[in-house]
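Student: Have a look at the structure that comes next, please.
Values quoted throughout were computed directly from the atomic coordinates according to the rules given, and no laboratory measurement underlies them. Here the structure is a predicted model, which means the values were calculated and not measured. FYI the Cβ positions are ideal-geometry reconstructions off the backbone, even for glycines, and counts take in every protein chain you see.
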Amino acid sequence: MVQIVKTIQEVRETVKAWKRAGDQVALVPTMGFLHEGHQSLMNAAKAANARVVVSIFVNPMQFGPTEDLASYPRDLDKDQLLCQQSGVDLIFHPDADEMYSPDFCSFVDMTGLTEGLCGSSRPVHFRGVCTVVSKLFNIVQPDRAYFGQKDAQQLAVIRRMVRDLNIDVQVIGCPIIREQDGLAKSSRNSYLNREERQAALCLHAAIQSGQQLIQNGAKDCQKIITQMSALINQQPLAKIDYISIVDAETLIPVEQITRSVLCAMAVYIGKTRLIDNFIFEIPN
Ligand code: PAF
């Protein structure tokens, strides 16, 4: 079974030995409770790198005080099995005090990109993500790191952090993986009861409607957002946090569709906050 290590030193020693042998190393950072979305990242990592490290760490720093840190789902045995199936070489599963000493006081922060979309309702989130991901990059020193396109803002933020801070890692984004009925795979789907699970389909319905409108030539973002919102508002269990259409790279809101855009949304289904998005590419 794939080995689980808990200390930074063990990861460093293992990765150093791999690199000495000439192996390329991939990192798939996760918070565990792995599903087919994570598996697609692990498989992509294994296909392009001799060695794959998966980190499993529910990072306290990226949760706000009223968010779901304590209830975030965990299942290390199943995670280990899925990692094994994907040919992962090492799981890094540190305790919080291995990652954060009691007097920890250094952060990686970003302006601009982190302020809109999820950043508006999750003000500390991206500081926590940037800090932990840069720590993981420093610990593992991977050649490539794999992230899901479902967290589109996170992916854009990490790409920018890597560029701005000259981190020597290639960031690879992988497509959203969906359930058969269209719901984007997420560890947080496990919070949904049966009625909520059904209600959650409104996110994908809105995504499809937005895609269709743009494909049919709609250009006015406000009109597109209004139509997508109307679909979601038909569902009594749903409450929109935001639906935005932004430049796919800068995340600055766009009024007219004249270039490639990211259309992203966060919607509460009951108490569970779900996100989804699509990118509409216009070739330059
Ligand atoms: O996407 C996630 O699961 C987390 O935000 C990440 C990248 C593992 C950082 O904790």
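Student: Within 10 Å of each residue's Cβ, count the other Cβ atoms and sort Ile158, Ile257, Ile56 from fewest upward.
Tutor: Details: Ile158 25, Ile257 19, Ile56 22.
The most exposed by this proxy come first: Ile257, Ile56, Ile158.
Student: Count the DSSP beta bridges whose two residues both fall in the chain, then state the antiparallel fraction as a percent rounded to the nearest 5.
Tutor: 50 percent
Student: While we're on this one: Among Ile167, Ile139, Ala156, whose Cα projects farthest towards the positive end of the dipole of segment 124-172, with charges put on the beta-carbon of Lys, Arg (+1) and Asp, Glu (-1)?
Tutor: So the residue we want is Ala156.
Student: Looking only at Cα atoms, what is the convex hull volume of segment 40-106 per residue, in Å³?
Tutor: On the way: hull volume 8.4 nm³, N = 67.
Output value, Cα hull per residue: 125 Å³.
Student: Can you pull the one-decimal nm distance between simple spin-label points at Gln215 and Asp164, each 7 Å off the Cα toward Cβ?
Tutor: Output for this residue pair reads 3.6 nm.
Student: In percent, how large is the relative contact order of segment 134-284, given Cα pairs closer than 8 Å and 6 or more residues apart?
Tutor: Averaging sequence separation for qualifying contacts and normalising by length gives 20 percent for segment 134-284.
Student: Moving on. Using the C-alpha atoms of segment 1-87, what convex hull volume per residue, in cubic angstrom, is computed?
Tutor: With only Cα atoms used, segment 1-87 gives 105 Å³ per residue.
Student: Also: For the chain, what is the largest minus smallest coordinate of the Cα atoms on each principal axis, given in angstrom and ordered from greatest to least?
Tutor: For the chain, the Cα spread along each principal axis is 55, 44, 39 Å.
Student: Oh, and also: Using the 10 angstrom Cβ neighbour count as an exposure proxy, how do Ser55, Ser209 rank, fewest first? Mind dumping the intermediate values first?
Tutor: Details: Ser55 25, Ser209 16.
Fewest to most other Cβ atoms nearby, the residues stand as Ser209, Ser55.
Student: In whole Hz and in residue order, list the ³J(HN,Hα) couplings for segment 60-75 that follow from phi through the Karplus curve 6.51 cos²θ - 1.76 cosθ + 1.60, θ = phi - 60°; x for Gly and Pro.
Tutor: Once rounded to whole Hz, the list reads x, 5, 9, 9, x, x, 9, 8, 9, 4, 5, 9, 4, x, 9, 7.
Student: Per the Kirkwood formula on distinct C-alpha pairs, the Rh of segment 209-284 is how many angstrom?
Tutor: After inverting the pairwise mean of 1/r, the radius is 12.8 Å.
Student: Within segment 115-265, what percent of beta bridges assigned by DSSP are antiparallel, to the nearest 5?
Tutor: Antiparallel bridges: around 60 percent, rounded to the nearest 5.
Student: At q = 0.10 Å⁻¹, what is the base-10 log of I(q)/I(0) for segment 34-170 according to the Debye formula with one equal point scatterer per Cα and no solvent? Please give it to two decimals.
Tutor: Debye output, listed in q order: -0.34.
Student: If I take the Cα coordinates of segment 99-203 and project them onto the principal axes, what are the three extents in Å, biggest first?
Tutor: Dimensions of segment 99-203 along the principal axes of its Cα atoms: 44, 29, 27 Å.
Student: Of all trypsin sites (Lys or Arg not before Pro) in segment 42-109, which ones are in loop regions per DSSP and have a Cβ with at most 14 other Cβ atoms within 10 Å?
Tutor: Those that pass, being in a loop and sparsely packed, are Arg74.
Student: Can you pull the Rg over Rh of segment 1-51, Cα-only, Kirkwood? Don't skip to the answer; put the middle values down first.
Tutor: Values: Rg = 12.0 Å, Rh = 12.2 Å.
Result: Rg/Rh = 0.98.
Student: Here's a follow-up. Based on other C-beta atoms within 10 Å, arrange Met99, Met1, Met228 from fewest to most.
Tutor: Ascending Cβ contact count within 10 Å gives the list Met1, Met99, Met228.
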